[in-house]
Structure formats: C-alpha cells, structure tokens
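Report on the following structure.
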Amino acid sequence: MQIDIQARNFQLTEALSNHTERRLGFALSARDDHIQRVIVRLSDINGPRGGVDKHCHIQVVLAHMPDVVIEDTEADLYAAIDRAADRAGRTVARRLARQRVRDRAPGLPGMNPTIESQEWV
C-alpha cells in the first residue's frame, strides 16, 4: 500500500509521519489488496493561534471503485489522524462488503444494473 503524506502550513516531523503510517497500516492492512494508494493531507488551519484546527484529510484510492474520502478536525493532530484512520478503515470495509454482495448476487433485482430481468412465458 502506497501512502503519500503531505503537510500544509507546518513542517511534517518524522514522528508524525511514522504515526500516520502506523495507524493507516492498522486500519487498512486487511484490505491492502483492494487499495491502490492512500493520500493523507495534514493541515494546521489557524497556525500558532491554537484551537480546534488540526485537520486530517484521508483519500483511499480503491481499484475499480470510487475513492473513500474521510476528514476530521481536532485540537490535537494525533487525535485527528487516529479518528480519521479508524473511520477510513470502517468505511473501506463496508464499501468492499457491499461490493462483494453485489458481485455474488447477480440475479437479484436492483443488485446489478447490467443484468436485465427476464419474464417467464
């Protein structure tokens, strides 16, 4: 799994980079074969003024499916990363489970729009 971490309005430290990679590894490793790339954007909205302004944006690029985009804003950047990574893991798992159901049940109406229903005469 390729993880691209970008920092905006502050310097990305090695500790923060390692924490982000570790948390995403825990959250997404079971679904690694479906994930093409993960893009993480970390930002400090207010700069040195403080407040609830540490933002984590995670974009998970899945093969043959729409991307999963998760955002979280907290007072602590580590907390924002933790919450966003957990939510990204749950969302990717849910999206892949739904896709598996659609792939396994091609005969159910409404489950696969490429299969037309047949009328029995």
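A few remarks follow.
- In summary, Ile58 fulfils each of the numbered conditions (1) under 19 Å from Asp4 (Cα atoms); (2) assigned to a helix (DSSP H, G or I); (3) not hydroxyl-bearing (Ser, Thr, Tyr) with the single exception of condition (2).
- Meets criteria (touching a Gly at 6+ places or on another chain (Cβ under 9 Å) and either under 15 Å from Asp82 (Cα atoms) or surrounded by 12 or more Cβ atoms within 10 Å (Cβ to Cβ) (or both)) for Ile45: yes
- All of Ala84, Ala88 fail the test of being part of a helix (DSSP H, G or I), surrounded by 15 or more Cβ atoms within 10 Å (Cβ to Cβ) and touching a Cys at 6+ places or on another chain (Cβ under 8 Å), apart from Ala84.
- Scanning the range 1-57 for residues that are among the β-branched types (Val, Ile, Thr) and within 18 Å of the chain's Cα centre (by Cα) yields Ile3, Ile5, Thr20, Ile35, Val38, Ile39, Val40.
- Residue in the range 66-81 that is surrounded by the most Cβ atoms within 10 Å (Cβ to Cβ), counting only those that are under 10 Å from the mean Cα position of the chain (by Cα) and in a strand (DSSP E or B): Val68
Rundown of residues vs (1) modelled with pLDDT of 95 or more; (2) buried (at least 16 other Cβ atoms within 10 Å of the Cβ); (3) within 15 Å of Ala88 (Cα to Cα); (4) in contact with an Asp or Glu (Cβ under 9 Å, 6 or more places away or on another chain), yes/no style:
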| position | (1), (2), (3), (4) |
| --- | --- |
| Leu28 | no, yes, yes, no |
| Val38 | yes, yes, yes, yes |
| His57 | yes, yes, yes, yes |
| His64 | no, no, no, no |
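- Among residues of the range 66-78 being touching an Asp or Glu at 6+ places or on another chain (Cβ under 8 Å) and farther than 19 Å from Asp4 by Cβ, the one that is modelled with the lowest pLDDT is Ala75.
- Residue ID - nearest to Ile81 (Cα to Cα), chosen from residues in the range 1-23 that are in contact with a strand residue (DSSP E or B) (Cβ under 6 Å, 6 or more places away or on another chain) and assigned to a helix (DSSP H, G or I): Thr20
The values are calculated or read from the model by the stated rules, or taken from the named source; none is laboratory data. The structure presented is a predicted model; accordingly, all values stated were derived computationally and were not measured. For neighbour counting, all protein chains shown are included, and Cβ atoms are generated from backbone atoms with ideal geometry for every residue, glycine included.
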